Number of protein chains: 2
Amino acid sequence: MTGEMTEGKGPVIGVFDSGFGGLTVLRALLRRIPHAQYAFLGDTARLPYGSKSRRTIARYAAESAQFLVNEQGAEFLVIACNTASALALDAIQEAVPVPVLGVIEPGAASARAASRTGDALVIATDATVQSHAYAAACRARGLRALEKACPLLVPLVEEGWTQHPVTAEVFRIYLQELLQQAASEGMCPDTLVLGCTHYPLLRPLIAQAVPPEIRVIDSAEATAETAARLFATPVSKSGSHAGQIRCFATDSVEKFERLGSRFLEQPVGRVDLIDLGG
Amino acid sequence: MTGEMTEGKGPVIGVFDSGFGGLTVLRALLRRIPHAQYAFLGDTARLPYGSKSRRTIARYAAESAQFLVNEQGAEFLVIACNTASALALDAIQEAVPVPVLGVIEPGAASARAASRTGDALVIATDATVQSHAYAAACRARGLRALEKACPLLVPLVEEGWTQHPVTAEVFRIYLQELLQQAASEGMCPDTLVLGCTHYPLLRPLIAQAVPPEIRVIDSAEATAETAARLFATPVSKSGSHAGQIRCFATDSVEKFERLGSRFLEQPVGRVDLIDLGG
């Protein structure tokens, strides 16, 4: 398949996730770099990465990155997976000879730019919170971050309850616990980072629930902005080519095809099954 | 490690799950066959099985079964995983020379014994419902079964919200949809099968929500009853040895150790990490 995607006009951008949640990052990329060609790989056979060791995650992510670069001709890679960004970015960069961008640094940078008080909140999955990657990236920028795992939000999104009263109640409970903890630690947070690729689908519901003084930062948007700055090559004169998308998964494409279009906000089309082994 | 567990008095029973939910089956077994020795394996590195192909699940489950028999000396195996029971019971039985019992047949048999109308409801995970293994096992006994996937219940249990108003509301919504569908198909269900190893933790909440004419059947309990009939060897005169339990996991024992005691209703103790490859 080598080079199949390099015949078009725009750059070839590889986007990698352990599942299909990273399609929200691809959606944001499509808006920022519409003329690019995209190869999206969801390593669905081996998800969730969150419960696995750093070494295992690094191996899986490196293999996935090599598929996107060597087989699909990706010239840039976006790691649209918080766990892989947190634990394996170095390993991925070592495995491929193209620039690699994760979601955590752009999210933290965007929070830093938005915050006046210097205190931020981060909501994410268990695995991302346990890695404390957001807190570290924020701290490196002089921003204090309080992280909270919100494990029910991903299944609620996957159930399609993105505007459901139950989801609003669950988010209210998580937010209340987070704000109480922040207050007890003397923090004045004015920024909330959505540190999971599923959460952008809850953005309207989240925006209604958070106090007006807190600004919501979407890591997917922040990553796409950074990618546009780093990776976007000049568009040719005829430059309005619509972005071409090819999606790949390592197992069970059914859920990917069924739910993917909700995340991408357009049909994902056919998802090709590939085998990366073990 | 071969034979390590065979020095005690009771039979050695291997219990296998893709995760730690099967500890509810182990708990039921401990009550029915208290003098046995138990080796529990959660294949946590490769969960969830639900999104994987039948061939992959069969390979994983067979490897796990061989560990329990060859390394831990199990004389009987209980497959406390609905997905593996649905898709890989034959493959497991071929892989090991000891009797193997899954959770689906006992659950269906118990529903058949309980039902007067001949109509049953089954709630389970997406993967179990998609396999239609409960419907097939019920049909083979002349019982009509309507299955419904309830994907939010597992994460709600894992969040510890087993008595939470949000969980009650989610279950009410699922049950209402299920009863409406049953009515529209002309069914008069009088039995509800809990077809997932996490659901026994919701039993008090479920019992409060279901109409009084519907009897709740717990596959874990039904499986333990069947195991007691099939596997329990006569207890020696001094036969009140407390069951010995050893737990193994293939990755990340942290969540297992943290949540496991809730499922087992006693401490799981130390969980040993083992490597099955892949």
Query raised in the report: Among (1) assigned to a helix (DSSP H, G or I); (2) under 14 Å from the mean Cα position of the chain (by Cα), which single condition is B:Ile123 missing?
Result: (1)
Query raised in the report: Restricted to the stretch B:235-278, and to residues that are more than 16 Å from B:Val15 (Cα to Cα) and basic (Lys, Arg), which residue is modelled with the highest pLDDT?
Result: B:Arg262
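Just name the residue that is surrounded by the fewest Cβ atoms within 10 Å (Cβ to Cβ) out of those in the stretch B:169-179 that are aliphatic (A, V, I, L, M) and within 11 Å of another protein chain (Cβ to nearest Cβ).
Residue satisfying both the conditions and the ranking: B:Ile173.
Conditions (1) touching a Leu at 6+ places or on another chain (Cβ under 7 Å); (2) touching a residue at least 40 places away in the same chain (Cβ under 8 Å), marked per residue:
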| position | (1), (2) |
| --- | --- |
| A:Arg27 | yes, yes |
| A:Leu30 | no, yes |
| A:Gly42 | no, yes |
| A:Thr56 | no, no |
| A:Ser85 | no, yes |
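Could you say which residue among A:Ala145, A:Ala133, A:Ala182, A:Ala137 is buried (at least 18 other Cβ atoms within 10 Å of the Cβ), more than 22 Å from the chain's Cα centre (by Cα) and either more than 13 Å from chain B (Cβ to nearest Cβ) or at pLDDT 95 or above (or both)?
Just one listed residue meets the conditions, A:Ala182.
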Report task. Test A:Ala220 against the criterion of being within 21 Å of A:Gly160 (Cα to Cα) and free of Cβ contacts under 8 Å to residues at least 12 places away in the same chain, and give yes or no. Result -> no
Requested in this report: Pairs only if they're at least six apart or on different chains, beta carbon under 8 angstrom, first in the stretch A:177-192 and of a type in the set (Asp, Glu), second part of a loop (DSSP other than H, G, I, E, B); list them, first residue then second.
Outcome: A:Asp190/A:Ser115; A:Asp190/A:Arg116; A:Asp190/A:Thr117; A:Asp190/A:Glu213; A:Asp190/A:Ile214
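This table checks each residue for (1) among the hydroxyl-bearing types (Ser, Thr, Tyr); (2) at pLDDT 95 or above; (3) within 20 Å of A:Ser252 (Cβ to Cβ).
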position: B:Ser51; (1), (2), (3): yes, no, yes
position: B:Ile57; (1), (2), (3): no, no, yes
position: B:Val69; (1), (2), (3): no, yes, no
position: B:Ala74; (1), (2), (3): no, yes, no
position: B:Thr83; (1), (2), (3): yes, no, yes
Query - Residue match in the stretch B:113-124 (condition: surrounded by 23 or more Cβ atoms within 10 Å (Cβ to Cβ), of a type outside the set (Gly, Ala, Ser) and in contact with a helix residue (DSSP H, G or I) (Cβ under 6 Å, 6 or more places away or on another chain)) - result: yes
Query raised in the report: Within the stretch B:231-249, can one find any residue that is within 14 Å of another protein chain (Cβ to nearest Cβ) and touching a residue at least 12 places away in the same chain (Cβ under 8 Å)?
Result: yes
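For every residue, the table says whether it meets (1) in the same structural domain as A:Leu143 (by TED's automatic domain parsing); (2) closer than 17 Å to A:Tyr38 by Cβ; (3) of a type outside the set (Ser, Thr, Tyr).
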residue: A:Ile173; (1), (2), (3): yes, no, yes
residue: A:His198; (1), (2), (3): yes, no, yes
residue: A:Val210; (1), (2), (3): yes, no, yes
residue: A:Ala232; (1), (2), (3): no, yes, yes
residue: A:Glu254; (1), (2), (3): no, no, yes
Report task. Specify which of the listed residues (B:Ser85, B:Ser53, B:Ser18) is within 14 Å of chain A (Cβ to nearest Cβ) and in contact with a strand residue (DSSP E or B) (Cβ under 8 Å, 6 or more places away or on another chain). Result -> B:Ser18
Query raised in the report: Regarding A:Leu202, is this residue without any contact (Cβ under 8 Å) to a residue 60 or more places away in the chain and touching a Pro at 6+ places or on another chain (Cβ under 8 Å)?
Result: no
Query raised in the report: In the stretch A:107-120, how many are touching a Ser or Thr at 6+ places or on another chain (Cβ under 8 Å) and either assigned to a helix (DSSP H, G or I) or of a type in the set (Lys, Arg) (or both)?
Result: 5
Query raised in the report: What about B:Val166, is it surrounded by 23 or more Cβ atoms within 10 Å (Cβ to Cβ), within 14 Å of chain A (Cβ to nearest Cβ) and out of contact with any Gly (no Cβ under 9 Å at 6 or more places or on another chain)?
Result: no
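Specify which of the listed residues (A:Gly107, A:Gly160) is within 14 Å of chain B (Cβ to nearest Cβ) and touching a residue at least 60 places away in the same chain (Cβ under 8 Å).
A:Gly160
The values are calculated or read from the model by the stated rules, or taken from the named source; none is laboratory data. Remember, predicted model here, so these are calculated numbers, not experimental data. Glycine also receives a Cβ, built like all others from the backbone with ideal geometry; neighbour counts cover every protein chain displayed.
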